[in-house]
Structure formats: C-alpha cells, structure tokens
Amino acid sequence: MTTAAQDYGTVPNRWVQAVLALIIMLFISPYEYTFTLFESPIAKAHHWALPGVALTFTIYVLVASFFMIPSGFWSDRWQPRWFTTVAGAITGLGWIMSAHAQTLPELYLAYGIGSLGPGYIYANSVNNALKWFPEAHRRGLAVGLIDMGFGAGSALFIPFLAGVIKSGPFGYQTAFTEMGIAMIVVIVIVAQFLHYPQKGWLPEGFSPELERQQRLHSRVANATQDLGPRDVLKTWQFWLAWIGMALITAAGLMVTAHIVDMAKVDVLVAGAVVGVAAATLSRIPNGLMRWVAGIVSDYIGRELSMLIAFVICGLSLFFMAQTHNGTLFIILAMVAMGTWGPLFTLFPALVGDYFGRPHSGINYGMLYTAKGIGGVFAGFIAAAIFHSTHSWTTDFDIAAVFAIVAGIIGIFLKPPGTRLVHGTRNSHEHSSAAS
C-alpha cells in the first residue's frame, strides 16, 4: 500500500511552491508599503486634507485583514490556482481604478475593492507554508521565507514609484496604473503553478507521532492539537495573542503609512529625500528579519522571540521621536521595521504550534483581524493626531508603548493544555494514565 510520504514525488516540490508564494507576496506588498509615497501627492493634487487621504490606508488594512477569515476558509478547502488568479486581477485593478479616482469616496472604494486581492493572497501564501511544512522545526523558516517577499518586496518598487510620482502633479496616477498592470501580469502567471499537497501528504521521513513524543520531553509539551475555529475562539491564548498582534501591528503600520511625511516634518535637512531613503531601506530588514526570526524562533520559541523583537522595536520608536538627524532617522527606522516585521512570521507559526495544521488558514485569518484594528490607529487616527499637534512625536510615543506591551504579552503565551514538564509527564499523559 502506498503511503502519503511515498506519494511526495507526485506533487510539486514544496520549496518551489514556497518561492512562488514569495514572488506573489512581493507583488502585493506595494499596497501596504508604498502608500506613504502617494499620501501627500494625492492630497496636494486634489487639495484634500491629509487625514482624509490617510483613511484610505485604514480602509485597506481593515478590508485586507477581515477578508482573511473567508480567505482562510477557502484556503483550507480548495486548491489556490483559480482563487489566486482572480485575486491577482482584483489587486491590479484596484490600483488602476485608484489612479482615476476624483473624489475621496471614489478613492476609498477603488483602494478598498483592490484590497480584497492582497487579503486572499496573504492568507493563501501563509497557509501554503503551514501546509507544505508540517515540521515544527521548519515552520518558522518557511513562513519567514514566504513573508519576506511581502516585507522586503516593496524596496524594489519604492525608488521607481517615487520617481514616477515626482514626474508631475498627477504623476501618482501613472505610478498607480503602471504598477497595477505589473501586479496583474505577474500574479496571474505565477498563480497557474501554485498547488497544495495532496490530502494526507507528509514529507518523507516525517512522523507526526514521533514529533509529538519529542515534545513530551521538551520544556513545554503540547497537549492540544488540530483545533477548529470554534474551539480556538474558546482559548485564552487566542485572545491574548490577538491583543498583542493588534498593538504591535498598530505600532509598525503607523510608521509604514506615514514615514515619508514624518521625515519631512521631523528631519531638519532634506526631509523628503530622507523619507524616501528610510522607506526604501527599512523595507529590507523588515523582510529579511521575518525570515531570520522564523529560523531563530524554531529554536528559542515564538514567545521569547516576540519579547526580544517587539521591545527593541518600541525602544527604536521612542528614539525616532527624539531625533532630527537624517542619518540616525534612517538607521532607527531600519531597526524599528526590522524588529517589527517578524510579527508576520511569529504569529502564524504560533497558530500552527498551538492549534494545528488542518484549520491553519481560517485560524490565522481570525487572528489577523487584529491587524485591522491596529490599522485604525495607524492610518486615520495617527494622521488626525498629527493634524492637531503638527508633530509626529505623540504618534511615535504611543506606538512605542504599544510595541513594548506586545512584547511583554508574548512571555505570557503558552500552548493550550500545557504545563512545564521538566522530564515529567504532561497533563495529557497524566490524565490518560489515570483513566
């Protein structure tokens, strides 16, 4: 009888699938990580207030985040090819329609509709890693590799888009259109090669039972696995993780949405140039550290990794509020974004660790809604605070506190139904023996 592991050769190589997902993530990244380039030019071209334009970013975060729930449901049940094809078309059309928006409601509608595409693609790409890499010691590495495309990908596009936007009063329209076309072409083509593993497939040599036994001898043993969404919502771990994710996403998205304008206000010399440089360079550690954090967290744990990364992020944000030196501003932005980006590796890996693999798509989709709440502060509220104070200092300080509290929350997380074992049986084993 042929086993699932022996069928491995009949399905696409899982590392190829990971690279394909990385490429697609790269081409949806401009939605989030280049909007800071468009914010002021759009406001200036149409004589709109900055908070009104910033609301567009909040709408994107809300739509993409909450659409992760149905997207995760679909990702758990159907192959990704045609869903990703449609999502790629919607992603590009959203930017093309945004180029022609003549009123704020039209911009909100265009960017909001387009945000459905990244919402599905992000859910599917992360789920790709969780399904192709069931091994706990590779889960962080795989998620980090794929998510690196989303975090760092925009660094490839920012210099190009910034140049096009500067070409004239409505250069942002050309930038929207050209990038939108590129999104459609690349994502639709790559989508044709995406594939999930066959039901029941496992990597050759991998034994879920053996991995479970190994956990029983580790410091923390996982007694609860493969929880569906209803059971996940009953755990305190989910809600504590949700709060932590809302806080840390709010902190980093605030910088992501406004960093170019922040430099114009807070940096004394050549603020506009510093802003574009900070936006470009900070994306590189943002993406790279997602991969690094994934690898490190496979060894030291997701929880400790969160504490280290998020506290450093918060401290960097505090110092960004104080500096007026362009070089130091860029360096601090790189540190802050480099230690913020790992959240998008650590939380999905945590979901796989705590709640299992079969429902990973919808389970992470539910957790990802926390990003939508964070986006409310990061976009509109942060811009409104600046509009009333004429300084980004208050925003930086609030974001710094959010990040540090999120890091502290990390150390209180542990898998459902577990306790420290130190060589003794865990609670699950004990109850089984008693029965």
Item to check | Candidates Thr249, Thr224 - the one that is in contact with a Ser or Thr (Cβ under 9 Å, 6 or more places away or on another chain) and either aliphatic (A, V, I, L, M) or at pLDDT 85 or above (or both) | outcome: Thr249
Next on the checklist: Looking at the structure I just gave you, is Gln173 in contact with a Lys or Arg (Cβ under 7 Å, 6 or more places away or on another chain) and not charged (D, E, K, R)?
Outcome noted: no
Next on the checklist: I'd like to know if the range 51-62 contains one or more residues that are surrounded by fewer than 24 Cβ atoms within 10 Å (Cβ to Cβ) and touching a His at 6+ places or on another chain (Cβ under 6 Å).
Outcome noted: yes
Checklist entry - Within the range 288-301, can one find any residue that is within 23 Å of Phe57 (Cα to Cα), small (Gly, Ala, Ser) and touching a residue at least 40 places away in the same chain (Cβ under 8 Å)? => result no
Checklist entry - Within the range 269-290, is even one residue modelled with pLDDT under 85, assigned to a helix (DSSP H, G or I), touching a Leu at 6+ places or on another chain (Cβ under 6 Å) and farther than 22 Å from Glu39 by Cα? => result no
Next on the checklist: Whether any residue in the range 321-335 is over 20 Å from Phe67 (Cα atoms), in contact with a Gly (Cβ under 7 Å, 6 or more places away or on another chain) and at pLDDT 90 or above is what I want to check.
Outcome noted: no
Checklist outcome for this item: Of the residues in the range 109-123, those that are over 12 Å from the mean Cα position of the chain (by Cα) and either assigned to a helix (DSSP H, G or I) or surrounded by fewer than 24 Cβ atoms within 10 Å (Cβ to Cβ) (or both) come to Leu109, Ala110, Tyr111, Gly112, Ile113, Gly114, Leu116, Gly117, Tyr120
Item to check | First in the range 177-201 and in contact (Cβ under 8 Å) with a residue 12 or more places away in the chain, second anywhere and surrounded by 19 or more Cβ atoms within 10 Å (Cβ to Cβ) and in a loop (DSSP other than H, G, I, E, B), Cβ under 7 Å, 6 or more apart | outcome: Leu194/Pro80; Tyr196/Pro80
Checklist entry - Is it the case that Leu130 is closer than 20 Å to Phe73 by Cβ, surrounded by fewer than 22 Cβ atoms within 10 Å (Cβ to Cβ) and aliphatic (A, V, I, L, M)? => result no
Checklist entry - Got at least one residue in the range 392-401 being in contact (Cβ under 8 Å) with a residue 24 or more places away in the chain and in a loop (DSSP other than H, G, I, E, B)? => result yes
Checklist entry - Taking the range 363-389 on its own, how many of its residues are surrounded by fewer than 23 Cβ atoms within 10 Å (Cβ to Cβ) and either of a type in the set (S, T, N, Q) or not in a helix (DSSP H, G or I) (or both)? => result 3
Checklist entry - For the range 344-352, does any single residue satisfy the condition of being touching a helix residue (DSSP H, G or I) at 6+ places or on another chain (Cβ under 6 Å), of a type outside the set (D, E, K, R) and either under 30 Å from Gly52 (Cα atoms) or in a loop (DSSP other than H, G, I, E, B) (or both)? => result yes
Checklist outcome for this item: Screening Thr418, Thr389 for residues that are of a type in the set (S, T, N, Q) and at pLDDT 85 or above leaves only Thr389
Checklist entry - Are any residues in the range 306-335 within 15 Å of the chain's Cα centre (by Cα) and closer than 15 Å to Leu253 by Cβ, and if so, which ones? => result Phe310
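When residues of the range 19-50 are filtered for being small (Gly, Ala, Ser) and buried (at least 21 other Cβ atoms within 10 Å of the Cβ), how many remain?
Residues that pass the stated criteria total 2.
The values are calculated or read from the model by the stated rules, or taken from the named source; none is laboratory data. Small disclaimer: the values here were computed from a predicted structure and weren't measured. Positions of Cβ are backbone-derived with ideal geometry, glycine not excepted, and every protein chain shown enters the neighbour counts.
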